1. Compute the convex hull volume of the Cα atoms of the chain, divide it by the residue count, and report the result per residue in Å³ as a whole number.
2. Can you compute the modelled spin-label distance between PHE153 and SER29, with each label point 7 Å from Cα toward Cβ, in nm?
3. Fewest to most neighbouring Cβ within 10 Å: what's the order for LEU88, LEU36, LEU100?
4. Looking only at SER71, SER112, SER55, which one moves most when the chain is put into a Gaussian network model with springs between Cα atoms under 10 Å?
5. Based on the Kirkwood radius over alpha-carbon pairs, what is the Stokes-Einstein translational diffusion coefficient of segment 96-156 at 4 °C with 1.567 mPa s viscosity, in µm²/s?
6. Whole number please: convex hull volume per residue, Cα atoms of segment 56-143, in Å³.
7. Cross-link candidates for LYS102: which lysines have Cα within less than 24 Å, leaving aside residues fewer than 8 places away along the same chain?
8. If contacts are Cα pairs under 8 angstrom and at least 6 residues apart, what is the relative contact order of the chain in percent?
Amino acid sequence: MSMDEYALSFDGEMLKRGFWLQVWTIGYSDHNYIYLNQTSDRIYANAPSAINGLSQHFDSSKHAPDNSLASCLNALDIDPRTCYFRMLALGPLFEEQLTLHKHEPLRDQMDSLACEIAAYLKWRGFEVLGIFQKGATVSQALLDEVKSKVIKFLAE
């Protein structure tokens, strides 16, 4: 019997609940893709940890979200099991909110942040997977800080 070995390590701080931005690099064959997402629910006042939704990105069931990482790869006829993944988690940028009324404006800022970062990365020549929509205005200082961290991550 033959078996492979894999290791995963992460900082326990990634278990904090809140609004996180995740930036994934996906290596496939001789090609690289970028995938962005944020950890906030569209329907409920729920902002889980960066680790919480990790496996949901690779859900291959028919009930998986259309914009999940696996769905984006499947749309390109790429089997996620043939890829190499790295993830940068930035956050929590905002604390989790208890009511939908307080959750929605922060979720909308995170939507805009992901949209702006995706546009910036596309402008820089990266192939970005996913569908992004602008929500509320995001501060220029936050946008600049996130851009800097993302570019540093992608250069590693």
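Each value in this text was obtained by applying a stated rule to the coordinates, not by laboratory testing. The shown structure was predicted, so the numbers you read here are calculated from the model rather than taken from an experiment. Note that each Cβ is placed from the backbone with ideal geometry, even for glycine, and that neighbours are counted across all protein chains shown.
1. 141 Å³
2. Distance between label points: 2.6 nm.
3. So the ranking, lowest neighbour count to highest, is LEU100, LEU88, LEU36.
4. Result: SER55 has the largest fluctuation of those listed.
5. Rounded to a whole number, D works out at 104 µm²/s.
6. Cα convex hull per residue, to the nearest whole number: 132 Å³.
7. Answer for LYS102, where 24 Å is the Cα cut-off: LYS16, LYS134, listed by chain and number.
8. The normalised contact order for the chain reaches 28 percent.
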